[in-house]
Structure formats: C-alpha cells, structure tokens
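K.L.:
Right, I'll just put the structure down here and ask away after.
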Amino acid sequence: MKDHEKMKGGMLPKGRRVFLQKMGALAVMSSFGMSFFASCSSEEDMGPDQDQNLGNGINVTEEKVTIDLEKQNQLKSAGGWILLLEARMLVVNVDGNSFSALTSVCTHSGCDRNWALNQNQFICSCHGSRFDLQGNVLNGPATRPLSTFATKIEGNVLVVTR
C-alpha cells in the first residue's frame, strides 16, 4: 500500500500539509494586500497632469514664476490648484480673487511630488501631513509650515515672487 493509504485520523502527508499551509498563508496575505491598496484610493483632488502645465502660459525663472490665468483652467475658480514640479511650488486659487503660492517641499521629509487638495487642505501623500492654504501645519508628522511666496495679479497674469 501507498503511504497515504496507511494513514489514520485524517492526517495529510507532510509535503501536502506544508503546501496547504503555505497556500493558506498566501491567500490571507493576498486579501490583506488587496484591502490595503483599496484603502489607499481616495476622493482627493490629485491635481492636473503636471507635464501639461509648462509651456502653457507658465514661465519659471530663478526669481519668479508667471502664470497666464487665461491659459490655466485649473486656476480660474476658487479651489483650483496646480503643482509646478520645475518650480517646486503649489499654487491655489483661494477664493476666486486671491492666490496662495507655497513650496511643494514637505517640511517633514522633503517629498515634493505627491500632493492632494481636500477640503481646503494640502495633503502630502508621502506621510499624510496636512497644511492649510497658507501653509500652516494642521496635522503632522510635519511640525513646520510650508514656505510661502508673494503673489500679485498683473492683468491676466499671476506673478509669484520667490
């Protein structure tokens, strides 16, 4: 007789037990992994595709950034915002008439590319720090505010001075 036919008490051969234990562990880990990634999705505004910004009414120099508001639909109404990767800057239309410009370099760990705006709060998606539209820390781990830049409107152009 074969070994598995001699067994009593419902025991599986050791090789099968190990295989089933590993497959069970893999199934459990897979379900945790799927729920983790599902929890990372959100309704937060992750902003426009940044590669489309430059050359579309935006000029970045060492001293200032100019944004033609007629060419940037994201900034035409209150709550609209853009992330300027080249300038390392967040720009938001605060109330339809005024703008705020902040550094996009998070004061917690220096992340500068992964920002969202939700309920008038900028969220650094690296570690979850939250800042108000003036750069003040609302929720850590960051403890220092984001640097701000002076803004003024000249005709249809927003000028941000570094």
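The values are calculated or read from the model by the stated rules, or taken from the named source; none is laboratory data. All values reported here derive from a predicted model rather than from experimental measurement. A quick note on method: Cβ atoms are made from the backbone with ideal geometry, for glycine too, and the neighbour counts reach across all protein chains shown.
K.L.:
Can you tell me which residue is nearest to L102 (Cα to Cα) among those in the stretch 133-161 that are assigned to a loop (DSSP other than H, G, I, E, B) and among the hydrophobic types (A, V, I, L, M, F, W, C)?
P.N.:
Among those that are assigned to a loop (DSSP other than H, G, I, E, B) and among the hydrophobic types (A, V, I, L, M, F, W, C), it is L146.
K.L.:
Taking the stated definitions as given, is E70 part of a loop (DSSP other than H, G, I, E, B), under 19 Å from T161 (Cα atoms) and modelled with pLDDT of 85 or more?
P.N.:
No.
K.L.:
Of all residues in the stretch 128-149, which are of a type outside the set (A, V, I, L, M, F, W, C), touching a residue at least 24 places away in the same chain (Cβ under 8 Å) and within 10 Å of H108 (Cβ to Cβ)?
P.N.:
Of everything in the stretch 128-149, those that are of a type outside the set (A, V, I, L, M, F, W, C), touching a residue at least 24 places away in the same chain (Cβ under 8 Å) and within 10 Å of H108 (Cβ to Cβ) turn out to be G140, P141, T143, R144.
K.L.:
Let me ask something else. What single numbered condition from (1) surrounded by 14 or more Cβ atoms within 10 Å (Cβ to Cβ); (2) assigned to a loop (DSSP other than H, G, I, E, B); (3) of a type in the set (A, V, I, L, M); (4) over 15 Å from the mean Cα position of the chain (by Cα) fails to hold for V92?
P.N.:
The number of the failed condition is (2).
K.L.:
A follow-up question, please. All but one of (1) in contact (Cβ under 8 Å) with a residue 12 or more places away in the chain; (2) in a loop (DSSP other than H, G, I, E, B); (3) of a type outside the set (A, V, I, L, M) hold for S100; which doesn't?
P.N.:
Checking S100 against (1) in contact (Cβ under 8 Å) with a residue 12 or more places away in the chain; (2) in a loop (DSSP other than H, G, I, E, B); (3) of a type outside the set (A, V, I, L, M), the one that fails is (2).
K.L.:
Which of the residues belonging to the stretch 106-136 are surrounded by fewer than 16 Cβ atoms within 10 Å (Cβ to Cβ), modelled with pLDDT of 85 or more and farther than 16 Å from I82 by Cα?
P.N.:
N136
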